[in-house]
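Single-structure report; data block below.
The values are calculated or read from the model by the stated rules, or taken from the named source; none is laboratory data. Fair warning: this is a prediction, and the values are worked out from it, not measured in the lab. Cβ sites come from the backbone with ideal geometry, for glycine too, and all protein chains shown count toward neighbours. Keep in mind that these areas ignore ligands, DNA and RNA; they rest on the heavy atoms of the full protein, side chains included. Shrake-Rupley method; radii C 1.70, N 1.55, O 1.52, S 1.80 Å.
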Amino acid sequence: APGLIERLSPTGYESVKRVASVLATEDPQKAITLTANSIQTIDNLLARFEPDQVVDIYNIGYELANTNAQLGLKFILVADQLAAHNDIEKFFIVSTMAQKIAAISHAAAKAYLGVASALFTRIEIDALLKLVDEVIPIAVKSWETASRLFVKSPDLIDRVGLSGLMTVAEFAAFLAPKDHSAAVLLLDKACRILDELKKIDGVELLPDIF
């Protein structure tokens, strides 16, 4: 506690404590994980943001934790990654999108939080919003497919860009209600398929394959 108060003031300490309390209600281990990482996380955040902004980040984590404890913990644990973008607004954007996804699937929202920073390095915010809007209907049919699509998104973008990712997403959306296992398998193999297509200059065939 003294270390947190020194860094964030008593008010900031209470913000961290609130998050830990919500996590402890569901799973004490989650609260322990948060607390064990708090000093390092806060120091990393303070290297880029003002103390009141760091408190804002923990307040966002508290809001997410009230939706689902795993989401609140995941948000705080990936805060270091998001901080690398040097834009406090991105934390609010990520939280808003996560809440939107969580209304359908907590698992898909957690998967999204895990790749949000990686996606910010690859696509603009408008494109990210478009991706989220594409994945949410998939989550309605299959949370497994939606979660895997988020996890694979950065690698797919690296290979075929946003438009190619959307093509793969459309086919996954087609498969999901029929056989979610097949849709997940497709996403697991998609990068390897694309790598093979590149070897024969066949990436332009992507719309015909998927």
Next on the checklist: For a Förster distance of 45 Å, can you work out the FRET efficiency between the beta-carbons of SER163 and GLU63, rounded to the nearest 0.05?
Outcome noted: 0.85
Next on the checklist: What is the angle, in °, between the Cα long axis of helix 28-46 and the longest principal axis of the Cα atoms in the chain? Nearest 10 is fine, range 0 to 90.
Outcome noted: 90 degrees
Next on the checklist: Suppose the chain between LYS130 and GLU50 were pulled fully straight at 0.36 nm per residue; how much longer would it get relative to their current alpha carbon spacing?
Outcome noted: 25.7 nm
Item to check | Solvent-accessible heavy-atom area per residue, rounded to whole Å², over the range 70-210 at 1.4 Å | outcome: 45 Å²
Item to check | Dipole moment magnitude, nearest 20 debye, the range 59-210 about Cα centre, only Lys, Arg, Asp, Glu C-beta charged | outcome: 380 debye
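Tell me, rounded to the nearest percent, the portion of alpha carbon pairs in the range 91-204 spaced more than 18 Å apart. Display every interim value, and only then the final one.
Values: 2906 of 6441 pairs.
Considering the range 91-204, 45 percent of its Cα-Cα pairs are separated by more than 18 Å.
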Checklist outcome for this item: Computed about the Cα centre, the charge dipole of the range 35-114 from +1 Lys/Arg and -1 Asp/Glu charges at the Cβ has a magnitude in debye, to the nearest 20, of 380 debye
Item to check | Rounded D (µm²/s) - the chain, Kirkwood Rh over Cα pairs, Stokes-Einstein at 37 °C, 0.692 mPa s | outcome: 182 µm²/s
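Accessible area of the range 24-171 with a 1.4 Å probe: how many percent of it is carbon plus sulfur?
On the way: 3020 of 6240 Å².
The C+S portion of the solvent-accessible surface of the range 24-171 is 48 percent.
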Checklist entry - In nanometres, what is the gap between the two model label sites at ILE193 and ALA36, each 7 Å from Cα along Cα-to-Cβ? => result 4.0 nm
Checklist entry - Considering only DSSP states other than H, G, I, E and B, which trypsin sites (Lys or Arg not before Pro) in the range 112-172 qualify as loop sites with at most 15 other Cβ atoms within 10 Å? => result none
